[in-house]
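Any read-out appearing in this document is the output of simple, stated calculations on the displayed coordinates, not a laboratory observation. Quick caveat, the model's predicted, so the values are computed rather than measured. Ideal geometry is used to build each Cβ from the backbone, glycine not excepted, and the neighbour counts take in all protein chains shown.
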Amino acid sequence: GQGLSAEQMSEYSKKVITDNKLKFYHISDYRNILVINKNMMEDKLKNMPPHENVGEPLEKLLSNIKENALNEFIRQNRFSLNKRDYMFYPWGVSKKAKLPSFYELHKKSCSCVCQAEILRGICKSMEIALPKLDYATADVNTNLIEKANTVLNEIKHYDVVIAHINGTDEVSHRKDVMGKVKFIEKIDKEFISLVIENVKNTKVIVLSDHQTSSVTGNHQKGFVDIIKTIIKE
């Protein structure tokens, strides 16, 4: 979606054409869900994340899609804007799964402060509370102070509160090294500091769920840092 605003991505997503074999749902920005029959997935759609294949020939990505209905979906929904060509590319194959509740696993209540749809979906499946956020974007322009204040409110009502900040991943995929540095500094100033200064008798853990290189723009295997501290009265 480079070169498109969130409003433009939403506008063109609402114009998507599908046949009776597919169901298309627009979520936000470049995020959409394409529901297909599981029989169409077997060896017909390999997972090739476009943000991890930047610079590769388009034909290489398209050659991995063997299902006719998906190729027709791509063909029907190409469009041009401001001398740029765009398309909807299916990737990230998954299927519905039954997850245990957070309480079932840990015998504790839990709330999650997040805006990224994939995480919100996981939380709903695990019966984790999801407070409403008015200014979160799941990117570097998110309102971190709103998130911090929401965490402080949720701590009053739940045993565990998870806060997910997605912007570092997004800016890494864009290969913006300094943008990532500045956003981490912003997290420290506007989120972590605000939380730590306003909690008592609370264990605070800061960690990443995976590595994303801001040099290559790709996810990486390996360990992540974990920072733990206990805030006492």
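Among L207, L144, sorting on how many other beta-carbon atoms sit within 10 Å of each Cβ, with the fewest leading, yields L207, L144.
Give the aspartates and glutamates reachable from K108 as a straight Cα distance under 20 Å; neighbours fewer than 8 places away on the same chain don't count. List returned: E127, E154, D159. Near the amide H of A163, within less than 5 Å, lie the amide hydrogens of V113, all on another chain or at least 5 residues away, with H placed in the peptide plane. Tell me the net charge near T212. Cut-off is 11 Å between Cβ atoms, T212 excluded, with +1 for each Lys or Arg and -1 for each Asp or Glu. Value of the local net charge: -1. Each Lys or Arg adds one and each Asp or Glu subtracts one; over the other residues with Cβ under 14 Å from the Cβ of H26, this totals 0. Sparse packing (at most 12 other Cβ atoms within 10 Å of the Cβ) combined with a DSSP loop state is found for the following trypsin sites (Lys or Arg not before Pro) in the stretch 54-117: R78, K83, K95, K96, K98, K107, K108. Of all aspartates and glutamates in the structure, those lying under 16 Å Cα to Cα from K95, and not within fewer than 8 positions of it along the same chain, are E42, D43, E117. With the simple spin-label model, which puts each label point 7 Å out from Cα in the Cβ direction, the S28 to K107 separation comes to 3.6 nm. Just grab the label-to-label distance for D176 and V35, each label 7 Å out from Cα along the Cβ direction, in nm (one decimal). The modelled label-to-label distance comes out at 3.4 nm.
Classify the stretch 6-86 as rounded, prolate or oblate, taking a ≥ b ≥ c as the square roots of the eigenvalues of its Cα gyration tensor: rounded when a/c is under 1.5, otherwise prolate if a/b is larger than b/c and oblate if not. Each step should come with its number before you reach the end.
On the way: a/c = 1.70, a/b = 1.16, b/c = 1.46.
Oblate, since a/c reaches 1.5 and b/c is not below a/b.
Determine the shape class of the chain: with a ≥ b ≥ c the square roots of the Cα gyration tensor eigenvalues, call it rounded for a/c under 1.5, and otherwise prolate if a/b is greater than b/c, oblate otherwise. Verdict is prolate for the chain. Cross-link check: pairs K38/K66; K107/K189; K156/K180; K124/K147 evaluated at a Cα-Cα cut-off of 23 Å; pairs beyond the cut-off: K107/K189; K156/K180.
For a modelled paramagnetic label at T216, 7 Å from Cα along Cα-to-Cβ, the residues of the stretch 177-199 in reach, with backbone nitrogen under 17 Å, are 177. Ranked by the mean number of other Cβ atoms within 10 Å per residue, highest first, peptides 171-182, 48-59 order as 171-182, 48-59. So what's the gap between the Cα centers of the stretch 116-151 and the stretch 169-200, to the nearest angstrom? After rounding, the separation between the Cα centres reads 15 Å. Taking only the alpha carbons of the stretch 102-231, we obtain Rg and Dmax values of 14.8, 42 Å in that order.
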